[in-house]
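J.: Structure provided below as structure tokens; questions to follow.
A short reminder: the numbers here are calculations on the coordinates, not readings from a lab. Small disclaimer: the values here were computed from a predicted structure and weren't measured. Cβ placement follows ideal geometry from the backbone for every residue including glycine, while neighbour counts extend to all protein chains displayed.
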Amino acid sequence: MIKSMTGFGAGDAETADFKVHIEVKAVNQRFLETNYHMPYSMNMFENQLTKKIKEYASRGKLDINIRFQDLRDKAVTVKVDKGLVAAYGQALQEISSQLELSAPVTAAQIASYPDVLKLNEENADLEAAQPVLMQAMEQALESFVAMREAEGQNIQRDLLARIGTLENFVGELEKLAPEIVAAYRQRLENLLREYLAKEDIEESRIIQEVALFTDKVNYTEETVRLRSHFDQFRQIITAGEPVGRKLDFLIQEMNREINTVASKANSAGAAQFVVDVKSEIEKIREQIQNIE
């Protein structure tokens, strides 16, 4: 089953100590790219998170948003900036002396001044948060992949239908091939007979030359290879693995074959089918950009 490269998933996990909410969303990208939006304290887990993501996705630009709460009681200390206290005290003393004031200053007043007191929270060990973080990530990735697979089914149905349409067009080209060869052969024979009527050239030589040049408008080999590519295409999209790059290469091969047919087929009817085939191949190519 093929997967779309776009998708969204969310996961939650919580214990008595930690609470985590993770959202994963992705858009098309040729290779896998991960962009994290999370608290600085979570950076220590980035490699583990990326490793887990690679188990679920191989292509796409992923944005991972992580909300993390540490619910544990934290040890808090209050630090007094003694130098700043002394500076404030000296400044207040100078003001009192200059204005001849006798305004007593309390410790509470000094403590209320900016930066005199600083709160320090003890840096808690976050290693214990890893299981709950990974649990939330796995849940988010599972829902993310489920959405990718659902969209992938829609894309697969569309691609199979378009391959069927291509086969119909190629079938019409195959029907026209004998007529194109016969018409070219007749025109070439007439031309040769007209220009060589006065020359003493053997009939067998004319036939030989006509056969040689007629082969240049025969595109049977190309249509056979196109049908082979169609079969390969069906096999690949049902392989159950990331297939985007393989299909992209196969589409290039299809395009090369139909271009060769276009250069050989000297027919207005065939030209129209070639245009139809190229248009359908382009639609498939655009759709392939959406799958993993």
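J.: Sticking with the crude label model, points 7 Å out along Cα→Cβ, report the distance from Ala108 to Asn168 in nm, one decimal please.
T.: It is 8.8 nm.
J.: Distance between Cα centroids, segment 263-292 to segment 155-175: provide it in whole Å.
T.: Computed from Cα coordinates, the inter-centre distance equals 10 Å.
J.: Moving on. Looking at this model, which pairs from Lys54/Lys74; Lys3/Lys278; Lys175/Lys283; Lys54/Lys283; Lys61/Lys283; Lys216/Lys278 are more than 32 angstrom apart at the alpha-carbon? Walk me through the numbers before you get to the answer.
T.: Working: Lys54/Lys74 35 Å; Lys3/Lys278 25 Å; Lys175/Lys283 25 Å; Lys54/Lys283 29 Å; Lys61/Lys283 23 Å; Lys216/Lys278 21 Å.
Going by Cα-Cα distance, Lys54/Lys74 fall outside the 32 Å limit.
J.: Hey, any idea what the orientation-averaged projected area of the convex hull of the chain's Cα atoms comes to, in nm²?
T.: If you wrap the Cα atoms of the chain in a convex hull and average its projections, you get 29.2 nm².
J.: By per-residue mean of other Cβ atoms within 10 Å, what is the highest-first order of 136-148, 105-117?
T.: On the way: 136-148: 20.1, 105-117: 11.6.
Ranking the peptides 136-148, 105-117 by packing returns 136-148, 105-117.
J.: Quote the FRET efficiency, to the nearest 0.05, computed for Lys52 versus Ile236 with a Förster distance R0 of 22 Å and r equal to the Cβ-Cβ distance.
T.: Step by step, r from the Cβ atoms, then E = 0.25.
J.: Taking the Cβ of Ser143 as the centre, find all other residues whose Cβ is under 12 Å away and add up their charges (Lys, Arg: +1; Asp, Glu: -1).
T.: -3
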